[in-house]
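Below: one structure, written as structure tokens.
Values in this text are rule-based calculations from the coordinates and carry no lab data. None of the values given here were measured: they were computed from a predicted structure. Virtual Cβ from ideal backbone geometry, glycine too; neighbours counted across all protein chains shown.
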Amino acid sequence: MKKITILFLLILLSFFSLLVQAAEIIKITASTRHLVPKGKATDAIDGDWIMKNDKVVAVIANAVYGREVNMRVQSVQGAVIDFTSLVDNNDYLAAFFPQGIPGPDSRKDPAVFADKIEILKSKGAEIILRATRTPTDKVPYESVTEYTLKDGETFLRVKTSYYNPSPKSVSITFADKLRMDMDIEKEVTPLGKTNLAFMYNKWFNSAYAVYS
């Protein structure tokens, strides 16, 4: 089973071209921290992964047990924790969870949303990073999320596939979770069926959306 979504960056973009190299995936270390995006909600740390093209930059959290970005946003392994245009360099994303909340999650017993990160294409016109969560007793199916970023595009392509390795049937809820913080109650998608869900914070001039 597969679920395909697109995470859009709706921060106001200019149309000036930037002189940068081809799209690239870079692990954050002491020597690459300068590539981490700026903004009020920047959460990247060493060990996380930068996905960058000529328009935007995203950060995927490393698959480390207990990885959290703050006291309110936890268990972000394999989630998108930063996303902004290169022009604006204004990250305000709390997190995008491509699998929603598949299992119980608490500070005393944190969930694991990914336990392995693989780089399928590290550089070129298209780059791909894969985040995998192996089955557990609590969540007995495998989730495999692939993030794809192409040169010239201002959005991140997200594909999640689910696999049941056991002979027993399992129940899966197809869901994503997009989170921004602070004063967005009136600046969100109206309730109802739609292919596009968005959040907008006018105070920090930032907006994010998911299209499925």
Show me the trypsin sites (Lys or Arg not before Pro) within the range 108-174 that DSSP assigns to loop and that have at most 13 other Cβ atoms within 10 Å of their Cβ. LYS108, LYS138, LYS168
Once amide H atoms are built 1.01 Å from N in the peptide plane, which residues 5 or more positions from LEU120, or in another chain, come under 5 Å H to H? ILE128, LEU129, ARG130
Among the chymotrypsin sites (Phe, Trp or Tyr not before Pro) in the range 27-108, which ones are in a DSSP loop with at most 15 other Cβ atoms within 10 Å of the Cβ? Mind listing them? TYR65
Report, by chain and number, residues whose modeled amide H sits under 5 Å from the one on THR134, excluding near sequence neighbours (fewer than 5 apart, same chain). ASP115
Once phi is turned into θ = phi - 60°, what whole-Hz ³J(HN,Hα) does the Karplus curve with 6.51, -1.76 and 1.60 give for every residue of the range 27-44, x standing for Gly and Pro? 7, 7, 9, 4, 8, 10, 4, 5, 8, 5, x, 8, x, 4, 10, 4, 10, 5
Can you list residues from other chains, or at least 5 along the same chain, whose modelled amide H is less than 5 Å from the amide H of ASP48? ILE28, ASN62
In whole Hz, the Karplus estimates of ³J(HN,Hα) for the range 78-90 (6.51, -1.76, 1.60; θ = phi - 60°; x where Gly or Pro) are x, 8, 7, 10, 9, 7, 7, 6, 5, 5, 7, 6, 9
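Please give me, ordered by residue number, the GluC sites (Glu not before Pro) of the range 131-212 that lie in loop per DSSP and have at most 14 other Cβ atoms within 10 Å.
Those satisfying the criteria are GLU185, GLU187.
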Residue pairs, from the table LYS55/LYS121; LYS121/LYS150; LYS121/LYS177; LYS52/LYS150, whose Cα atoms sit over 20 Å apart: LYS121/LYS177
Phi angles of the range 165-170, converted by Karplus (6.51 cos²θ - 1.76 cosθ + 1.60, θ = phi - 60°) into ³J(HN,Hα) in whole Hz with x for Gly and Pro, give x, 9, x, 8, 6, 10
